[in-house]
1. Can you tally the net charge around THR284? Count Lys and Arg as +1, Asp and Glu as -1, for every other residue whose Cβ sits under 13 Å from the Cβ of THR284.
2. Based on Cα positions only, what radius of gyration and what Dmax would you give for segment 177-250, in angstroms?
3. When all C-alpha to C-alpha distances in segment 132-224 are sorted into bins of 10 Å, what percent of pairs does each bin hold, rounded to whole numbers?
4. If you wrap segment 22-176's Cα atoms in a convex hull and average its projection over all directions, what's the area in nm²?
5. So if I place +1 on the C-beta of Lys and Arg and -1 on the C-beta of Asp and Glu, and nothing else carries charge, what would the dipole magnitude of the chain be about its Cα centre? I want it in debye, nearest 20.
6. Take the residue pairs LYS188/LYS250; LYS54/LYS292; LYS242/LYS265; LYS265/LYS295; LYS120/LYS165 and return only those whose Cα atoms are more than 25 Å apart.
7. Given that compact globular proteins tend to follow 2.2 N^0.38 Å, what is the ratio of the alpha-carbon Rg of the chain to that value?
8. Which of the listed residues, LEU266, SER256, PRO281, is farthest toward the dipole's positive end in segment 224-306, when Lys, Arg count +1 and Asp, Glu count -1 at the beta-carbon?
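The values are calculated or read from the model by the stated rules, or taken from the named source; none is laboratory data. Since this is a predicted model, take the numbers as computed values, not measurements. Positions of Cβ are generated from backbone atoms using ideal geometry, with glycine treated the same way; all protein chains shown enter the neighbour counts. Quick note on the areas: whole protein, heavy atoms, side chains included, nothing else; ligands and nucleic acids left out. Shrake-Rupley method; radii C 1.70, N 1.55, O 1.52, S 1.80 Å.
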Amino acid sequence: MNDTALKREIRVLLEDRDAVLLVHNYQRDEIQEIADHTGDSLGLSQVAADSAAKVIVFAGVHFMAESAAILAPDRTVLLPRPDAGCPMADMITPADVAALRERYPGGTVVAYVNTSAAVKAVSDICCTSGNAVNVARSLPPEADPLIMIPDMNLAQYIATQVDRKIVWHDGYCPIHHRYTAADVLKVKARHPEAVFAAHPECRPEVLALADHITSTSGMYTFARDSEAREIIIGTEMGVLYKMRRESPDKVFIPLSENMICPNMKLTKLQDIRDALLNMKPVITVPEDIRVKAKKALDRMLAVPRD
C-alpha cells in the first residue's frame, strides 16, 4: 500500500475510533502532514489534557505518551512504536533524584518533561524547553536551589536567564550535545548572511553563537517573523518540514544534515495504521505513580505562558 492510501486509511480509522493524532515536531514529514496537532512537548501535553477524543495516538517517544496517559487517564493512549525511547530520559532515575535531594537539601526538583513518569512522580514541578524560564521565575525564593534534571545544557541556559541558584544533573540530548562551536562557525562561514536559531539543549558554547535561542515551537515563530532570508536551524531536522511550508521564500539550513533523532524517526505510517486497527500498544501508568507525576505536570501547566 502506498503512502497516499495509508494516509487515507489512517484518517478514516481516526474518525471511526474517535481518536486524535498528536505528532511531535521531529516526526517524519509524511506523519506531520496528517496530524491533528503538531507541537512540542508542552503544546502536545496541553492538547492531550484538553482533548475530548476517546483515543490519543501519540507519534512521538515513550515519555510523551506517558505524559498523555498521566493527564488523560480516562482516555486510551496509543504509542505506535513503544520502542521509541529517549536517551536523555534514560539518564535519570528516581534513585538519582533521591541522591540529588540529599546533596541539595531543601531544593526544588524541576524535571524536564523528557523524563519517565517514575521520575516525574518524585519531582516537584515539570518544565519544557519552551516554558523553563517561566517555571523557574514562578517558584518562590525559598525554593532554591532549583535542581534541574536531567539536561545540563538546558539548566545552564536557564541559569543565564533568571536570578536563581540553579544546580543540575549531568544528562544531555545526544543529538544536540554532539555539536560544538566549531561546527557552528563552519556553517556560518558558508552562509555569512544567515542568522542562527538554536535549541537550549545545545551546548553553552553553541548557544553563545546563537542569534536566537528557543524551543522547537518558538523556532517556527522566529522563522516566520524574522526578516532574515537565511536561517541556520540548530535542532532536529524534523522542524524543517513545517518551516519550509510556512515560509517558502526563506532558506533554512540545518546545523548538520545528521541532526536526526533515530527514536523520533522510528514511527512510520503503517505503525500508526496498525495501532489504530489493533488498538495497541496501549501506554498506561500505575495509578500511584500517575497521581504523583500529575501534580508535577499540573504545576507546570498552571504557569502562565508568554
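1. On the way: positive: ARG75, LYS280, ARG290; negative: GLU66, ASP74, GLU287, ASP288.
Local charge sum for THR284: -1.
2. 11.5, 31
3. Final binned percentages: 16, 43, 30, 10, 1.
4. 9.3
5. Values: 35 positive and 41 negative charges, 24 e Å.
About 120 debye.
6. Working: LYS188/LYS250 16 Å; LYS54/LYS292 23 Å; LYS242/LYS265 16 Å; LYS265/LYS295 31 Å; LYS120/LYS165 21 Å.
From the list (LYS188/LYS250; LYS54/LYS292; LYS242/LYS265; LYS265/LYS295; LYS120/LYS165), the Cα-Cα distance tops 25 Å for LYS265/LYS295.
7. Expressed relative to 2.2 N^0.38 Å, the Cα Rg reads 0.99.
8. The listed residue farthest towards the positive side: PRO281.
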